[in-house]
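Here the structure comes first, spelled out in structure tokens, and everything after it is commentary.
The values are calculated or read from the model by the stated rules, or taken from the named source; none is laboratory data. As the structure is a computational prediction, the values presented were derived from the model and not from experiment. For neighbour counting, all protein chains shown are included, and Cβ atoms are generated from backbone atoms with ideal geometry for every residue, glycine included. For accessibility, only protein heavy atoms count, side chains too; no ligands or nucleic acids. Shrake-Rupley method; radii C 1.70, N 1.55, O 1.52, S 1.80 Å.
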Amino acid sequence: MIDWHCHLLPGLDDGAADPDESVAMARCLYAAGYREVYCTPHQLKGGYEAGNEEVLAALSGVQAALDREGVGIRLLAGREYYLDEYLLDCLADPLPLGDSRCLLIELPHRVAHREMVKQTLFRVVSAGFTPVIAHPERSPSLEVSQSGHGRRTGILGRLFNAGRSDDGATYIPSNLLAYLMELGCGFQGNVGSLRGYYGGTVRRQAEFMRAMRLYDRMGSDLHSSQHAGLILGDSAQGR
Ligand SMILES: [Fe+2]
């Protein structure tokens, strides 16, 4: 399995505090079945501003430690970019997910200016990158509602019906989520959301988004080994 979102690198953000913790987290991920892990430290102006060279150096250091310890996980580079007015500056020297043109992007929890979000992500796409929205189930502005059964028709029918689940239910994305789908964004769900790690509301949203086949990748969003069992399942504790 691939973990597309993880704060495993030490000392760069609010993830692993030191290299030993990075190895402990990798052991949890290995026990849960992961073999490739994208290391995606936060990029947040005024908060977490480690340069890409620091990220790549940290990744090499942890990979060497994992190889020494015999933990069979391959680390890949990435960032978790925060969507604010500074995001576009990062496009001059981006760190996409691995060899792709995909940028993992986190939306503010409360989106006060939806037009700004739309315009920023449109410009990311126009610059040749694919935004991958991190844990959309945790963003109230991307809420999905369920409207019983039956197929919609009309102008928005294609979008809605694209999200129909196998059980025939119809899932209706918020206006902002519909826009991001049309724009061609990817969507990364958190495995912990489906386990109820963030509460019942987020779990329900994650179930809706999974049912409408919104997610094109999943991630742990692991910040430490402490809650690995709750996020990854019991197998992660067998280390
Ligand atoms: Fe994260």
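Just to be sure before I move on: is L183 under 16 Å from the mean Cα position of the chain (by Cα) and not small (G, A, S) in the structure I sent? Spelling it out, it is not the case that L183 is under 16 Å from the mean Cα position of the chain (by Cα) and not small (G, A, S).
From the list G196, G189, the one residue that fits, being of a type in the set (G, A, S), part of a strand (DSSP E or B) and open to solvent by less than 40 Å² (accessible area, probe 1.4 Å), is G189. Here is the figure for region 104-114: residues that are within 16 Å of the ligand (Cβ to nearest atom) and either open to solvent by less than 60 Å² (accessible area, probe 1.4 Å) or more than 21 Å from V191 (Cα to Cα) (or both) total 5. Among the residues of region 69-84, those identified as charged (D, E, K, R), modelled with pLDDT of 95 or more and within 16 Å of the ligand (Cβ to nearest atom) are R79, E80. Taking (1) away from the ligand (no atom under 16 Å from the Cβ); (2) modelled with pLDDT under 95 in turn, H227 satisfies each apart from (1). Take the conditions (1) more than 14 Å from the ligand (Cβ to nearest atom); (2) in contact (Cβ under 8 Å) with a residue 24 or more places away in the chain; (3) not acidic (D, E); H42 misses just one of them, which is (1). When region 12-39 is filtered for residues that are within 15 Å of the ligand (Cβ to nearest atom), in contact with a Phe, Trp or Tyr (Cβ under 9 Å, 6 or more places away or on another chain), of a type in the set (A, V, I, L, M) and under 14 Å from G219 (Cα atoms), only V37 remains.
Looking at L230, L214, just one residue is touching a residue at least 12 places away in the same chain (Cβ under 8 Å), on the phi < 0 side of the Ramachandran plot and not in a helix (DSSP H, G or I), and that residue is L214. Kindly evaluate A92 against the criterion of being away from the ligand (no atom under 16 Å from the Cβ) and free of Cβ contacts under 8 Å to residues at least 12 places away in the same chain. Against the criterion (away from the ligand (no atom under 16 Å from the Cβ) and free of Cβ contacts under 8 Å to residues at least 12 places away in the same chain), A92 qualifies.
The listed residues are L87, L56, L9, L66, and the only one of them that is away from the ligand (no atom under 16 Å from the Cβ) and open to solvent by less than 20 Å² (accessible area, probe 1.4 Å) turns out to be L66. Of everything listed in (1) part of a loop (DSSP other than H, G, I, E, B); (2) at pLDDT below 95, the single unmet condition for T170 is (1).
Residue count for region 216-239, restricted to those that are buried (at least 18 other Cβ atoms within 10 Å of the Cβ) and closer than 30 Å to S147 by Cβ: 3.
Reported count of residues in region 115-140, each being surrounded by 18 or more Cβ atoms within 10 Å (Cβ to Cβ) and closer than 30 Å to G200 by Cβ, is 11.
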